[in-house]
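Contents: one structure, followed by commentary.
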Amino acid sequence: MRYLCFIFLTTTLIITSGCTSQDDTDKTKVLISASVSLSDVMAELRDTFEEKHPDIVLSLHYGASDKLAKQISKGDPVDVFLSVGEKSIVQLKEQDLLATKTRTFATNRLILASNKQQPVSLSSLNQLPELDTKQIAIGSPESIPAGRYAKQALKSSGVWNATKNKLVHTDVGGQTLSYIESGKIGIGFVYRSDFKRSEFISDVLAIDEDLHDPITYSAIVTTSSNVKEKAKAFLSFLQTDTARSILKKYGFET
């Protein structure tokens, strides 16, 4: 069960692949920086991959894609980067930091969600300005991809100006979901995969995909990696039926 007590970090959330056993000293460690929206599904992907590749151990590092890309640009030791959206990948490509071609392995949907104790009914974004609420949670469009997609959708629907004063921008990946779950803010924009893993929110409205850029998840190996072949093995795994099945279970599309 998810805990409503959410600790926000100004630095990137780091989650390793578990306690290191004595046998792990003989394994190759692959460092992965991934969008925080992948945090739940990555645990199962990691475990399944490591079962198939007993000579490799994955170390997982989560954060907002834009911030992770900046860290890679500054020289952070990363072997694999899993990004949501194209912006971060393009930035790294322009700096010649990609050792492989970009591989898209999943897509997601943007939804408007509400706290289950504060039900909301909408049939389109055009009705959002009329909603009797003072606050709407949204990731900061400048640094959080989900917020960028939400802003695009609001602008495409012609309701950005009518709603922007109600928007509460969050700057940490996962914070928007936590606000809605806790009831601090009753409604906001999150991914469909967030809805699938939370028992505290309701799916109010699936946002028309034509209103924003495609929400794609891409994988690359960095030029700084010293274990490129092992890292490529994980990219290949993400294209398998096994990985696709796991991703779908967590609300992603493949």
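Quick rundown of the values:
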| item | result |
| --- | --- |
| Residues within the stretch 45-74 that are assigned to a helix (DSSP H, G or I) and under 13 Å from the mean Cα position of the chain (by Cα), tallied | 4 |
| Residue match in the stretch 231-238 (condition: assigned by TED's automatic domain parsing to the domain that holds K116, surrounded by fewer than 23 Cβ atoms within 10 Å (Cβ to Cβ) and not hydrophobic (A, V, I, L, M, F, W, C)) | no |
| Subset tally (residues that are farther than 22 Å from K101 by Cβ and among the β-branched types (V, I, T)) for the stretch 22-79 | 6 |
| Filter result (of a type in the set (A, V, I, L, M, F, W, C), outside any loop (DSSP other than H, G, I, E, B) and more than 18 Å from Y179 (Cα to Cα)) within the stretch 124-162 | L125, L128, A153, L154, W160, A162 |
| Within the stretch 55-80, considering residues that are basic (K, R) and free of Cβ contacts under 8 Å to residues at least 60 places away in the same chain, the one farthest from I144 (Cα to Cα) | K74 |
| Selection status of D23, farther than 23 Å from P145 by Cβ, assigned to a helix (DSSP H, G or I) and modelled with pLDDT under 90 | yes |
| Residue selected from the stretch 101-112 under the condition within 15 Å of T176 (Cβ to Cβ) and of a type in the set (A, V, I, L, M, F, W, C), by the criterion surrounded by the fewest Cβ atoms within 10 Å (Cβ to Cβ) | I111 |
| Qualifying positions in the stretch 193-230 - basic (K, R) and surrounded by fewer than 21 Cβ atoms within 10 Å (Cβ to Cβ) | K196, R197, K228 |
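Yes/no matrix, rows are residues, columns are (1) surrounded by 17 or more Cβ atoms within 10 Å (Cβ to Cβ); (2) in contact (Cβ under 8 Å) with a residue 60 or more places away in the chain; (3) not assigned by TED's automatic domain parsing to the domain that holds K164:
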| residue | (1), (2), (3) |
| --- | --- |
| S83 | yes, yes, yes |
| E94 | no, no, yes |
| A99 | no, yes, yes |
| S114 | yes, yes, no |
| Q118 | no, yes, no |
| S124 | no, yes, no |
| E130 | no, no, no |
| T133 | no, no, no |
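The values are calculated or read from the model by the stated rules, or taken from the named source; none is laboratory data. Everything quoted here is computed from the prediction, not taken from an experiment. All Cβ positions, even for glycine, are placed from backbone atoms using ideal geometry, and neighbour counts span all protein chains on display.
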